[in-house]
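One structure is given below, encoded as structure tokens.
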Amino acid sequence: MIQTLPRVDHAFQIPSEHDPRLVDGGGTQRQRLGQLNSAQRRLLVLERYPELGALPNCDWDQLSVRAAFSILFGESSRHFARLQLAALAGILATAGITAGYATDVDFSVRSVLDLLQQQFGMTTPQAITLDVWEAWGRNTSLMQTLTTRLRKYAAAVNHHLGDYRERLSPEELTRVGHLLLPAMPKQFRYRFVPEAEHRAVAQRKRKAKTDVISECATAILALMLARYPSTERFIGWYRQQLARIESGELSIPARLVYEDNQLDLPRQPGPDAVSVEQLQWHTSPVRLELSIWRPHEFSQQRYAERVQQTTPGTREHDLALSARSEWKRRAKAGMHADPHAYFVEVHPTAAMPWFMGPVADWYARLGRPQQRRHAGGASNAGSGTGHAGVGTPAEWLVAYLQNFVLADRQLVRRTSPAGVCFDPEATYRGVLFGTAIVTLMLTADARIHEILQISLDRFVRPVRLYIVKNPDGTPKRDPTSNKIITDVIVEQRLLPKGRKRDDLRLQYDVSAARGHLHAITRLLQAGHSGQVPIVRYDPSHPKAEQLGAERYLFQ
């Protein structure tokens, strides 16, 4: 039996300057909601919809700002089923559904309910009976336009709400049943919604893309296998330089040169090569001139240059001195006081390593005006530019570099422009994870959601040993010892599409990426006290409950 959570304490106060009920305009209301904590937003929701306090085991503190705005001031708040939509939002939030997916679901559910109301004139969701669904489903032309919205309605109401409903006792269901939206009848989508046609069209589009990829799959795989070692060599060299700095052998800024020989393919390798061995490679020398910085030394030099480039006695000179004084006050704490906070400034040359292309593109997007702001103050950085990620730097470094980029653009008398700045460790992580995923997609015969299931708990043991053979079928031998060369097949037990039971898992060959998976494991262990953390699978995925929490490598 599910226990009912305690009702909200209505004595909880909301400051008038942050109360969204006291202002007009969606943007201002959303902004004020974002300034409240989860308990204050819960107070507003349960004050607006006191009936929701009867919902057992519904954690309203999990409700996102976006969902709270929708049911308090947005479209859902003016809907004829606003009470049921608010209940659905709370149940989805409690289930761990992401805010973005919950927004998509909210739109689809409201759209379906609106169309039903337009045709049948009901005023409450309880009026949507089996006969109403049947009559509505016979509108063939309408059903052809609602494939996606009906699928999301079924996911929200039949799946998530259905799971919640099943865990209620008969007494609880009698008490709160009117708060729950009616489920779509079984087989409704199969009988009335032309999903098979839409799937066939989507399949044809995917096949057209796959046909293009299949022509160059060998070249793509080869590039991944060649370019990852190039990045791996650079990160090994970079870590050696940091060790020299830590030991006192080098001082900051450390002006250095990195040189390497990089494998690459011609621009048009041709479709005739059917294996990596048959591709025609060429080697080219690369050179990277760079300086290793810490924020303290970098800022110190930048502010000194700004003061030197202004004329004493002018307003610009006074502003530069004031800015440097303010920086000195702030530099006693945070990243400026961290002796291990490093980043790299690159001085452009003609032949740089391949990874500098995407790094330069990322750096060029910092501070661009297209990072527009939505109503309520939320920013949309786009393309992962303005926030931390697997392949982008930590938030402190992104914000730090962005401030200097913006300052260079705003000052009339600019300081000497810095080169491309980036975090080599973040770049290496991005290349490592990207190489692992691309290699697995091209070799493991697995979909992306199967690849994302890979975890330390699903390796097949013992591994399978096999003899490596020459093209003519004879065993391949080591040229030095003349011993037969052997290798292993590494497999993972993953849950394929359409299966939800643990005994229906299949074994996928992940041998081609085993080195990358080991490297990812080491990175996770280094960041989590020697252990790969146990995390939940993406809660928005339909099989999240079956997959559960494991030591997933693609966290």
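The values are calculated or read from the model by the stated rules, or taken from the named source; none is laboratory data. The shown structure was predicted, so the numbers you read here are calculated from the model rather than taken from an experiment. Cβ coordinates were reconstructed from backbone atoms using ideal geometry, including for glycine residues, and neighbour counts include every protein chain displayed.
Would you be able to tell me the number of residues in segment 211-253 that are in a helix (DSSP H, G or I) and at pLDDT below 90? Break it down into steps so the answer makes sense when it comes.
Looking only at segment 211-253, we keep the residues that are in a helix (DSSP H, G or I), and these are 211-215, 217-246.
Next, from what is left, pick out any that are at pLDDT below 90: 211-215, 217-227.
Here the count works out to 16.
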Qualifying position, being closer than 29 Å to Ala102 by Cβ and not hydroxyl-bearing (Ser, Thr, Tyr), among Leu504, Leu494: Leu494
Test: residue in segment 425-441 that is part of a loop (DSSP other than H, G, I, E, B) and either in the same structural domain as Asp538 (by TED's automatic domain parsing) or among the charged types (D, E, K, R) (or both): no
Residue list for segment 254-295, filter: modelled with pLDDT of 80 or more, exposed (fewer than 13 other Cβ atoms within 10 Å of the Cβ) and of a type in the set (Val, Ile, Thr): Val257, Thr283
Pairs where the first residue, in segment 344-358, is in the same structural domain as Pro253 (by TED's automatic domain parsing) and the second is in a strand (DSSP E or B) and of a type in the set (D, E, K, R), C-beta under 6 Å, 6+ apart: His347/Glu289; Thr349/Arg287; Thr349/Glu289; Ala351/Arg287
When residues of segment 71-80 are limited to those that are farther than 26 Å from Leu173 by Cβ and among the hydrophobic types (A, V, I, L, M, F, W, C), the one surrounded by the most Cβ atoms within 10 Å (Cβ to Cβ): Leu72
Hits in segment 152-173 - residues which are of a type outside the set (S, T, N, Q), more than 23 Å from Ser111 (Cα to Cα) and in contact (Cβ under 8 Å) with a residue 24 or more places away in the chain: Arg167, Leu168, Glu172
The listed residue being assigned by TED's automatic domain parsing to the domain that holds Leu173, of a type in the set (Gly, Ala, Ser), touching a Leu at 6+ places or on another chain (Cβ under 9 Å) and under 24 Å from Lys152 (Cβ atoms), out of Ala89, Ala54: Ala89
Residue among Leu43, Leu83, Leu5 that is surrounded by fewer than 22 Cβ atoms within 10 Å (Cβ to Cβ), modelled with pLDDT of 95 or more and within 33 Å of the chain's Cα centre (by Cα): Leu83
Among the residues listed as Ala68, Ala89, Ala102, the single one being aliphatic (A, V, I, L, M), closer than 26 Å to Glu171 by Cα and part of a helix (DSSP H, G or I): Ala89
Filter pass, Val112 being touching a Lys or Arg at 6+ places or on another chain (Cβ under 8 Å), surrounded by 13 or more Cβ atoms within 10 Å (Cβ to Cβ), closer than 15 Å to Met184 by Cα and of a type in the set (A, V, I, L, M): yes
Of residues in segment 163-194 being surrounded by 11 or more Cβ atoms within 10 Å (Cβ to Cβ) and of a type in the set (Asp, Glu), the one nearest to Glu134 (Cα to Cα): Asp163
Set Leu85, Leu146, Leu92, Leu130: member being out of contact with any helix residue (DSSP H, G or I) (no Cβ under 9 Å at 6 or more places or on another chain) and within 19 Å of Ala183 (Cβ to Cβ): Leu130
Near pairs, Cβ below 9 angstrom, 6+ apart or cross-chain, from segment 444-461 (hydroxyl-bearing (Ser, Thr, Tyr)) to any residue that is surrounded by 15 or more Cβ atoms within 10 Å (Cβ to Cβ): Ser455/Gln492; Ser455/Val532; Ser455/Glu550; Ser455/Arg551; Ser455/Tyr552; Ser455/Leu553; Ser455/Phe554
Test result for Ala89, over 14 Å from Pro125 (Cα atoms) and either of a type in the set (D, E, K, R) or buried (at least 23 other Cβ atoms within 10 Å of the Cβ) (or both): yes
